[in-house]
1. Give, to the nearest whole percent, the P(r) tail of the chain beyond 17 angstrom, counting all Cα pairs.
2. Kindly rank 76-84, 10-18 from highest to lowest mean number of other beta carbons found within 10 Å of each residue.
3. What value, in deg cm²/dmol to 500, does the helix sum -39500 (n - 2.57) over DSSP H runs of n ≥ 4 give at 222 nm once divided by the residues of the chain?
4. If packing is taken as the mean number of other Cβ atoms within 10 Å per residue, what is the order of 22-28, 61-67, highest first?
5. Please compute the modelled spin-label separation between residue 24 and residue 69, points set 7 Å along Cα→Cβ, answer in nm with one decimal.
6. With the contact rule set at Cα under 8 Å and sequence spacing of 6 or more, what percent relative contact order holds for the chain?
7. Per-residue counts of other Cβ atoms within 10 Å, averaged by peptide: what ranking do you get for 30-42, 102-114, highest first?
């Protein structure tokens, strides 16, 4: 069973994403800060990180940069979650993310993107 870590500073968003993923049989857990996300991926090495872009203290893009600079984590698949309309698929080359999911999250699209990462 694939282990997915969710990182969003809004707990309700995390709970909702976790629910959708667990309904599809994934093992999902969440953290609510970028610092927690960096620490958790280093210790537990998830199969996928769902990462909110806009968070206090350390943004999702900064978390992604930390992950990509760590040789043990640089291949970890990361899907960014954002309400930013200007962050589109063409920006992926700059972010080094594996995809972008727009808020509000469509559960079917979420599962489709997650399955694409694992296939």
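Any read-out appearing in this document is the output of simple, stated calculations on the displayed coordinates, not a laboratory observation. Predicted, not measured: the structure shown is a model, and the values here were computed from it. Quick reminder, even Gly has a Cβ in these numbers, built from the backbone with ideal geometry, and neighbours come from all protein chains shown.
1. 49
2. Result, highest mean first: 76-84, 10-18.
3. On the way: 5 runs with 50 residues, N = 119.
About -12500 deg cm²/dmol.
4. In descending order of packing, they fall as 61-67, 22-28.
5. Output for this residue pair reads 3.1 nm.
6. Rounded, it is 22 percent for the chain.
7. 30-42, 102-114
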